[in-house]
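What follows is one structure encoded as structure tokens, with my remarks underneath.
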Amino acid sequence: PCCIWRKVSRVVGALKKEPPQPRTFMRGIQTVTLIPGDGIGPEISTAVMKIFEVAKAPIQWEERNVTAIQGPGGKWMIPPDAKESMDRNKIGLKGPLKTPIAAGHPSMNLLLRKTFDLYANVRPCVSIEGYKTPYTDVNLVTIRENTEGEYSGIEHVIVDGVVQSIKLITEQASQRIAEYAFEYAKNNQRASVTAVHKANIMRMSDGLFLRKCREAAEKHKDVKFNEMYLDTVCLNMVQDPTQFDVLLMPNLYGDILSDLCAGLIGGLGVTPSGNIGANGVAIFESVHGTAPDIAGKDMANPTALLLSAVMMLRHMGLHGHGQKIETACFDVIRDKKVLTKDLGGNSKCSEFTEAICERVRDLV
Amino acid sequence: QVSEAAASAPVCWEERNVTAIKGPGGRWMIPPDAKESMDRSKIGLKGPLKTPIAAGHPSMNLLLRKTFDLYANVRPCISIEGYKTPYTDVNLVTIRENTEGEYSGIEHVIVEGVVQSIKLITEDASRRIAEYAFEYARNNQRSSVTAVHKANIMRMSDGLFLRKCREVAETYKDIKFTEMYLDTVCLNMVQDPTQFDVLVMPNLYGDILSDLCAGLIGGLGVTPSGNIGANGVAIFESVHGTAPDIAGLDLANPTALLLSAVMMLRHMGHHEHATRIQTACFDTIRDKKVLTGDLGGSSKCSEFTADICHRIQDLD
């Protein structure tokens, strides 16, 4: 039964596999599923929609909510209309979702991940001129395997006072994320991919991961490939982040490094993020919180969601629109005349949004 | 040289080599005279050891760790005035549990193409490292201890670790205790490291964070490190490599080993000597007149050393 299962899954995998290339939409409007989220989610979503309209991006939004519901059999799931929308549109943009405490169901982010097999978490970290951090020239991308590794959730009490946690690494997941990383590098003109690991300590698990990375590297000779221990990456990252380009790693290391790199450019309020799933699904999202204390007060900073939306446009092949919007956003931040509070100013969200819109109009 | 010529630190050195040898029964061990010396003196200072490739035996560092049950790896990271990094005010200490966790070495192939790696967390080891962290905080006038974890994801293992930290915190009410997710620590660390004081965590997180923090202050060439074992044993060491390309050429920077020796003096209660030597070392670096190559200068190791010795004599 084991052999048959493996054969079937390999065939199914081959059938389902789509090369993750950017789509080019020469004509027509593309519908994107928009999940505004909670807290400041709705207002920053409105900001993004406004800017997109001014930029004349060929996008129309289909709003959906995701609140966990219990389906037949008691299994938690996302609302059917949200799933249907995403399956149809393939591309989604999502604001922050509040984390349920004692709600009896898993986090919405986890549900989304499982529903759409969002296997790759991608975070481009580029220094924002005008938003001062100790670093000026960060330009790297973290690509994190997001389905297995240390986050398998499998834990046991061995005896009283001794607990074990299982880290799972599979050939398939490692191969999939490695191939995605090299495709991404090629599609985004990145020169190198670095596999981040601890295979000196975790010889079998990280060793397997590394092997699949090397195999993928062999098939993408136009992209430079190297390997580095996670601790060495961290040691070097804070001394000179410019030495890094695309970083590829298993789940936990990706969790850490993606946040570390977000910190280098100024934090989660300005960092974009994308989740790539099977069957061509891709959900782009801001990774900051819902900020309930400022929700509804026109104080939020829409930069993270906007840059995620730019990432989305690039993924869809709409590079011209993506560039225009990103340039306008960076120009406004560099100018420092109209900044939200978290960026050091005292403007409203709507004023910041309007400033970007004006810039976009000049650029169109 | 520094401790003898200038500081007259009340320390006399007993040199030993550690090269793995096979004992009766074929088991790899450190040489008996090295073990005997350490068991007797309790305190050790160690330079870099070369990693054997295909030598058939485990790394010397691992052997030392197992022989003396070196359960706590301690790295104080303090910004060095004069040695420029993007950060100026780093002053924190990472305390890493060094015996278990993700580095258990237990791995299995489940079926072809599926591998599992076991992370082990025990109540005993967690309690021991937590207690060490709070004792360290108290003995070194540190105001807070932060437990670093991912118990939201690894509920049982990191959950157990966290519970022991909380229990120990209860018995050290004079020290502030907080908890923070590892990813949040990293996110915040690179934006504002001054918010951190003593950080305590399991093995892997400690491996990462201790190197991250070393990077903040300038790298392994200037970072001290100490390993605390059972039975009062403590081995202080530089954590950089052996640098074979400059070995024997009087080009090396002794700062990391020197600061580790300073850490050793403090551990032994010789605070005045420690401060004198540390001040002299930092003054030399701040002055920028006599710096080794890696610090941006062109002086020899011996010149750098002599400069520090002169300053100590002045401080006396």
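The values are calculated or read from the model by the stated rules, or taken from the named source; none is laboratory data. It should be emphasised that the depicted structure is a prediction, and the values quoted were computed from it without experimental measurement. Don't worry about glycine lacking a Cβ; one is built from the backbone with ideal geometry, like all the others, and counts go over all protein chains shown.
Descriptive notes on the structure:
- Exclusive hit being touching a residue at least 60 places away in the same chain (Cβ under 8 Å), facing another protein chain (nearest Cβ under 9 Å) and closer than 30 Å to residue B:88 by Cα, set A:247, A:252, A:230: A:252
- Per the listing A:174, A:152, the residue uniquely modelled with pLDDT of 95 or more and not acidic (Asp, Glu) is A:174.
- For the stretch B:76-83, the criterion of being within 13 Å of chain A (Cβ to nearest Cβ), modelled with pLDDT under 95 and closer than 22 Å to residue B:282 by Cα is satisfied by at least one residue.
- Flag if residue A:280 is surrounded by fewer than 23 Cβ atoms within 10 Å (Cβ to Cβ), at positive phi and within 16 Å of the chain's Cα centre (by Cα): yes
- Test: residue B:294 is free of Cβ contacts under 8 Å to residues at least 12 places away in the same chain and of a type outside the set (A, V, I, L, M): no
- Qualifying positions in the stretch B:114-149 - within 14 Å of another protein chain (Cβ to nearest Cβ) and within 13 Å of residue B:178 (Cβ to Cβ): B:148, B:149
- Whichever residue in the stretch A:150-162 is surrounded by fewer than 18 Cβ atoms within 10 Å (Cβ to Cβ) and in a loop (DSSP other than H, G, I, E, B) and, among such residues, is nearest to the other protein chains (Cβ to nearest Cβ): A:161
- Just one of (1) within 13 Å of chain B (Cβ to nearest Cβ); (2) surrounded by fewer than 23 Cβ atoms within 10 Å (Cβ to Cβ) fails for residue A:257. It is (2).
- One residue alone among B:59, B:104 is in contact with a Lys or Arg (Cβ under 8 Å, 6 or more places away or on another chain), within 29 Å of residue A:169 (Cβ to Cβ), polar (S, T, N, Q) and within 14 Å of chain A (Cβ to nearest Cβ), and that residue is B:104.
- Test: residue in the stretch A:245-267 that is more than 30 Å from residue A:357 (Cα to Cα) and part of a loop (DSSP other than H, G, I, E, B): yes
- Taking the stretch A:86-113 as the range and being basic (Lys, Arg), over 27 Å from residue A:193 (Cβ atoms) and outside any loop (DSSP other than H, G, I, E, B) as the test, only A:88 passes.
- Residue count, the stretch A:193-228 (criterion: acidic (Asp, Glu) and not in a helix (DSSP H, G or I)): 2
Residue-wise test of (1) without any contact (Cβ under 8 Å) to a residue 40 or more places away in the chain; (2) of a type in the set (A, V, I, L, M, F, W, C); (3) crowded, with 19+ Cβ neighbours inside 10 Å.
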| position | (1), (2), (3) |
| --- | --- |
| A:129 | no, no, no |
| A:140 | no, yes, yes |
| A:173 | no, yes, yes |
| A:177 | no, yes, yes |
| A:191 | no, yes, no |
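- Matching residues, the stretch B:281-307, being touching an Asp or Glu at 6+ places or on another chain (Cβ under 8 Å) and among the aliphatic types (A, V, I, L, M): B:285, B:290
- Checking residue A:89 against (1) surrounded by 19 or more Cβ atoms within 10 Å (Cβ to Cβ); (2) out of contact with any Leu (no Cβ under 9 Å at 6 or more places or on another chain), the condition it does not meet: (1)
- Index of the failed condition, residue A:317 passing every other in (1) modelled with pLDDT of 95 or more; (2) touching a Ser or Thr at 6+ places or on another chain (Cβ under 8 Å); (3) surrounded by fewer than 22 Cβ atoms within 10 Å (Cβ to Cβ): (1)
- Residues of the stretch A:42-75 classified as surrounded by 17 or more Cβ atoms within 10 Å (Cβ to Cβ), within 22 Å of the chain's Cα centre (by Cα) and in a loop (DSSP other than H, G, I, E, B), total: 4
- Subset of the stretch A:232-241 [within 23 Å of the chain's Cα centre (by Cα) and over 14 Å from residue A:137 (Cβ atoms)]: A:233, A:234
- Selected residue (only one of A:133, A:99 is of a type outside the set (Asp, Glu) and without any contact (Cβ under 8 Å) to a residue 40 or more places away in the chain): A:99
- Residues that are in contact with a helix residue (DSSP H, G or I) (Cβ under 9 Å, 6 or more places away or on another chain), buried (at least 20 other Cβ atoms within 10 Å of the Cβ) and polar (S, T, N, Q) do not occur anywhere in the stretch A:240-254.
- Matching entry among B:220, B:209, B:199 (being facing chain A (nearest Cβ under 10 Å) and either buried (at least 22 other Cβ atoms within 10 Å of the Cβ) or of a type outside the set (A, V, I, L, M) (or both)): B:209
- Scanning the stretch A:163-192 for residues that are more than 9 Å from every other protein chain (Cβ to nearest Cβ) and in a strand (DSSP E or B) yields one hit, A:192.
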